[in-house]
Amino acid sequence: MTERYVFAIVRLVNAGLLAWALARHPIGYYTVLRVVTTGVSLYSIYLCMKDKQVGWGIIFSAIAVIFQPILPLRMTRETWRYVDLITAAILVISLRFFSYSKAS
């Protein structure tokens, strides 16, 4: 059960970092944000595959592709604001509707 709480806290922290990205920060902040968001999304995809939750898997895959830092997508600051807020909302909503079994 502890794993669930830790993963919930990680998603909440990630959502907070995405919301905080609306303010001006050095470029390093956005790079770290990309890595964190991609990592959370990849772990979520792993859990989705384990539990055969295709819908959530597609959502987290899209987030991982958008935020992956290797070939970054170039968007305007205004567009990134919307992407960050929508992603933060998805992470918060996933706390209620995305559940996974702990069985390995």
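Derivation of every value follows stated rules applied to the coordinates shown; laboratory data play no part. Keep in mind it's a predicted model, so treat the numbers as computed, not measured. Cβ sites come from the backbone with ideal geometry, for glycine too, and all protein chains shown count toward neighbours.
Applying the selection to region 19-36, what residues are among the β-branched types (Val, Ile, Thr) and surrounded by fewer than 16 Cβ atoms within 10 Å (Cβ to Cβ)? It would help to see each step written out before you state the result.
To start, the set of residues in region 19-36 that are among the β-branched types (Val, Ile, Thr) comprises 27, 31-32, 35-36.
Once the filter is applied, which keeps residues that are among the β-branched types (Val, Ile, Thr) and surrounded by fewer than 16 Cβ atoms within 10 Å (Cβ to Cβ), region 19-36 yields ILE27, THR31, VAL32, VAL35.
From the list GLY55, GLY16, GLY39, which one is surrounded by 14 or more Cβ atoms within 10 Å (Cβ to Cβ) and assigned to a helix (DSSP H, G or I)? Break it down stepwise before answering.
Values: GLY55 fails: surrounded by 14 or more Cβ atoms within 10 Å (Cβ to Cβ); GLY16 fails: surrounded by 14 or more Cβ atoms within 10 Å (Cβ to Cβ).
When all the criteria are applied, what remains is GLY39.
Which residues, taken from region 16-29, are in contact with a helix residue (DSSP H, G or I) (Cβ under 8 Å, 6 or more places away or on another chain) and within 22 Å of THR76 (Cβ to Cβ)? If the condition is that a residue be in contact with a helix residue (DSSP H, G or I) (Cβ under 8 Å, 6 or more places away or on another chain) and within 22 Å of THR76 (Cβ to Cβ), then LEU17, LEU18, ALA19, ALA21, LEU22 are the ones that fit. Residue count for region 76-99, restricted to those that are closer than 17 Å to ALA19 by Cα and either of a type in the set (Gly, Ala, Ser) or in a loop (DSSP other than H, G, I, E, B) (or both): 4. Here's a check for you: in region 84-98, which residue that is crowded, with 18+ Cβ neighbours inside 10 Å and not acidic (Asp, Glu) is farthest from VAL13 (Cα to Cα)? Applying the filter and picking the extreme gives PHE98.
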